[in-house]
Structure formats: structure tokens, C-alpha cells
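What follows is a short report on a single structure.
None of the figures in this text is laboratory data; all of them are computed from the coordinates on show. For clarity, every value in this text was computed on a predicted model and none was experimentally measured. In this analysis, Cβ positions are derived from the backbone assuming ideal geometry, glycine residues included, and neighbour counts consider all displayed protein chains.
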Amino acid sequence: MKKSLFYLPTGITLSLFAAAPTWADAAKGETYFSSLNGGNCYSCHYVDNRKLVGPGLKKATQRHSEDWLKTFLADPQVTWKSDHPETLELKKRVRKTRAPSTTCMKGHMTAEQIQDMIDYLNVLGQ
């Protein structure tokens with residue numbers, strides 16, 4: 001049986017892409033992830049399931065809501081100190097209590113860069 005390109009058994013994929021702004025760009029997110037002048041994320045994160053300093057990022061968008069990811073990317077230190085259920089789950093999963101030391105400090109990323117990063121994380125989850 002031939003499947004349609006629009007066949008979505010769970011509807012999750014549709015909600016991920018339907019909510020993404022038209023300017024979201026996974027390629028820009030990947031560039032920012034790898035750039036020393038950008039996020040420099042690769043120095044602490046693998047893009048698969050392996051832990052480096054921080055957790056592996058494969059399927060991060062399936063473990064965390066987009067709202068939580070936006071909040072974390074905008075200000076990881078404050079998000080880490082919160083009692084948000086997703087933050088508590090992350091702390092338990094990575095077995096860390098100390099706030100991450102990251103170049104992604106409050107105000108470091110624009111709203112567009114945050115959305116590009118989330119779009120890149122969506123690609124990693126496929």
C-alpha cells in the first residue's frame with residue numbers, strides 16, 4: 001500500500017511543523033550549534049544519545065516541550081533553578097544539580113536563533 005506524504009499516524013509531526021515560524025531554519029540552527037562565535041554547543045553536547053558534558057540532543061524535542069526549550073535556550077541558568085517538571089526530569093536524567101556553565105547565557109541568542117536551534121533539534125529527532 002502506497003502511503004501519502006501527509007500520512008501522520010500520531011499527529012505529532014504535524015504539530016511540530018505547524019507551530020514553527022516561517023523563518024525557522026534548521027541549517028542555520030546547525031551552523032549556530034557548531035560555531036565558536038555562536039552557540040559553541042558541540043563542545044558540551046553530542047547530536048546523538050551519548051552524554052558529553054551535557055546530555056545528547058537526539059530526540060530532545062520529544063523529551064521537552066517547545067515552550068520549555070525556548071525558555072531554557074533563552075536563559076538556561078534561571079530555567080535550571082526552576083521547579084518546572086521538565087527541568088526536574090532533566091536534572092534526574094543527567095544526574096546533575098549544579099547549573100550548567102554555558103555560553104548560552106541570558107540574552108545571548110535572539111528569538112530567531114532560538115527557533116532555528118529548535119528546528120535543528122527537530123531534525124535530530126527524526
Report summary line: Within the under-9-Å Cβ sphere about Leu90, not counting Leu90, Lys/Arg +1 and Asp/Glu -1 give a net charge of +3
Requested in this report: Restricting things to alpha carbons, tell me how big region 43-104 is in terms of Rg and Dmax, in Å.
Outcome: 10.8, 27
**Report entry** region 39-102: trypsin sites (Lys or Arg not before Pro) in DSSP loop, at most 12 other beta carbons within 10 Å
**Finding:** Arg50, Arg95, Arg98
